[in-house]
1. Rg to Rh ratio, region 18-110, alpha-carbon atoms and Kirkwood radius?
2. Among the lysines, which have Cα under 29 Å from the Cα of K69 when same-chain residues fewer than 8 positions away are ignored?
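Each reported figure results from applying straightforward, stated rules to the coordinates on display, with no laboratory input. From a predicted model like this one, the values you see are computed outputs, not experimental measurements.
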Amino acid sequence: MGTAGQGTYTQPEPAASQREVDQLRAELNRLDDHGTRGTQALLVQLTELVKDISEMKSEVNARFESHQKVHDQDHKDRQESRRWAIMAAITFIGVMAAVIGLLVDIAGKLHGLG
């Protein structure tokens with residue numbers, strides 16, 4: 001009989017049976033069917049991942065290029081709008097100067113100054 005506080009001892013685990021060793025060997029051999037311990041399957045997955053990343057990079061670059069083209073076109077449009085507005089203002093000022101000059105000439109002739 002044991003006394004209080006004393007632990008019970010367990011039996012050591014038995015060594016693996018030949019059947020279990022054979023099952024483990026068969027499992028390892030099955031992994032070798034597709035390469036060294038399954039690394040061939042991993043290599044295929046990594047290759048596919050690299051292909052996917054390359055496709056994504058191409059798509060991102062294409063989107064960036066089209067986005068940049070839109071920005072470049074917007075920049076050109078803004079420049080053309082500014083140029084048009086400046087030319088319109090210069091033309092308006094020239095026309096107003098001509099009209100004022102004609103009005104001064106007409107007013108001078110009406111009052112006998114010219």
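1. Rounded to two decimals, Rg over Rh is 1.83.
2. Cross-link targets: K51, K57.
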